[in-house]
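Only one structure is covered here, and it is reproduced in the block below.
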Amino acid sequence: MAETATEKTRSPERPGPAWRSHGGDRRSTRTLRLRTSAVLLTVTVLAVLLVPPLVQLDQQAVDLAAKLRAPSREHPFGTDDVGRDLLLRCVYGLRVSLLVGVAAALTATVVGTAVGATAGALGGRVDRVVMRAVDTIASVPHLLLGIFVVAMFRPGVWPVVVSVALTHWLSTARIVRAEVLSLRSRPYVDAAVLGGASRWRVAVRHLLPGVLPQAALAAVLMVPHAMWHESALSFLGLGLPTHTASLGNLIQEARGSLLAGQWWPTLFPGLFIIVPTLAVAGLAGAWRERINPRRRSELML
């Protein structure tokens with residue numbers, strides 16, 4: 001009887017270690033994902049910054065005697081159809097794609113934050129009109145709208161930046177508007193309004209600082225999305241000029257080689273798109289859990 005009573009007393013405590021171990025596995029997996037993403041992103045940034053000045057080679061140098069060579073010690077990523085070193089071309093292509101992605105993401109975030117904050121802060125008829133306009137633009141596929149914008153300019157970096165920025169600010173506007181509507185119901189905002197603060201002061205002092213973390217997270221997540229968009233436009237021949245070493249142009253140039261059985265001109269530029277995307281997604285996921293503790297606590301269960 002004494003042993004039975006002791007077991008009954010201890011039985012409610014048995015699930016505890018299982019829950020804790022489950023949470024520990026979640027934490028260890030999240031930590032591993034965060035560290036792996038940080039390492040991948042660091043390697044990518046260092047390659048973009050250090051490889052061109054350290055490797056004293058012309059990425060446009062043509063060597064027809066060395067065309068379509070498989071990966072080797074001399075050419076770790078092989079060569080393309082005119083004998084250019086593919087590793088150097090991929091690094092330069094990543095630099096151009098990152099430039100387009102960062103510039104487009106920053107522009108789209110500024111536009112989306114301004115539109116979303118205005119709609120959420122003013123509310124009423126302005127909010128309804130602005131959000132209906134956002135829904136109307138969002139009903140058009142991004143790629144189709146981007147092709148329409150790029151077609152009005154000559155191929156170049158800035159037309160692609162404008163195209164990507166004008167098609168990617170919509171999600172940021174919705175996120176910022178939702179966050180502003182949430183902040184408007186906070187007690188300190190009500191106190192500021194009752195204290196006689198103007199709408200401009202409330203927006204600048206209380207609403208805008210509250211939406212900046214979400215806007216910054218949207219900007220970070222938009223960088224790889226913009227890189228994919230630029231690669232798609234360049235692959236279709238509507239983005240950057242063909243002589244510019246962007247990742248989309250490299251994949252477009254390698255189509256014939258892939259059909260002939262040479263896999264490396266297509267594989268490595270594709271990896272240079274996928275690896276930074278996964279790294280940014282991993283870091284952004286950790287950032288999202290940090291600025292949203294409620295979601296983080298739900299993931300721990």
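The values are calculated or read from the model by the stated rules, or taken from the named source; none is laboratory data. Everything numeric in this text was worked out from a predicted model, so none of it was measured. As a convention, Cβ positions derive from the backbone with ideal geometry for all residues, glycine included, and neighbour counts pool all protein chains shown. Accessible surface areas use protein heavy atoms only, side chains included; no ligands, DNA or RNA. Shrake-Rupley method; radii C 1.70, N 1.55, O 1.52, S 1.80 Å.
Figures for the structure shown
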item: Selection from ALA232, ALA70, GLY112, by position along the positive dipole direction of the chain (Cβ); result: GLY112
item: Probe 1.4 Å, protein heavy atoms only - accessible area per residue of region 132-284 in square angstrom; result: 50 Å²
item: Theoretical gain in end-to-end length, LEU50 to ALA191 [0.36 nm per residue, Cα-Cα removed]; result: 45.5 nm
item: Exposed chymotrypsin sites (Phe, Trp or Tyr not before Pro) absent - longest run of the chain, DSSP non-H/G/I/E/B, at most 16 other C-beta within 10 Å; result: 1-152
item: Rg over Rh [alpha-carbon atoms, Kirkwood Rh] for region 113-189; result: 1.11
item: Two-decimal Rg/Rh across region 26-92, once Rg and the Kirkwood Rh are taken from alpha-carbon atoms; result: 1.18
item: Angle between the chain longest axis and helix 157-168 axis [Cα atoms, degrees, rounded to 10]; result: 30 degrees
item: Accessible surface of region 201-277, 1.4 Å probe, proportion on carbon and sulfur as whole %; result: 71 percent
item: Radius of gyration and maximum dimension Dmax of region 108-157, Cα, Å; result: 13.9, 42
item: Region 219-292: equivalent-ellipsoid semi-axes (sqrt of 5 x gyration tensor eigenvalues, Cα, Å); result: 29, 14, 7
item: Accessible area of region 38-80 belonging to carbon and sulfur atoms, whole % at 1.4 Å probe; result: 67 percent
item: Shape metrics for region 58-119, restricted to C-alpha atoms - Rg then Dmax, Å; result: 19.0, 61
item: Projected-area average for region 50-186 over all orientations - Cα convex hull basis, square nanometres; result: 12.2 nm²
item: Gyration tensor over alpha-carbon atoms, region 149-281, equivalent ellipsoid semi-axes in Å; result: 44, 16, 9
item: Label assignment, Cα extents along the principal axes in Å derived from the structure, set (1) 48, 41, 40; (2) 65, 53, 36; (3) 83, 68, 34; result: (3)
item: Cα-based radius of gyration of region 154-215 once divided by 2.2 N^0.38 Å, which approximates compact folds; result: 1.55
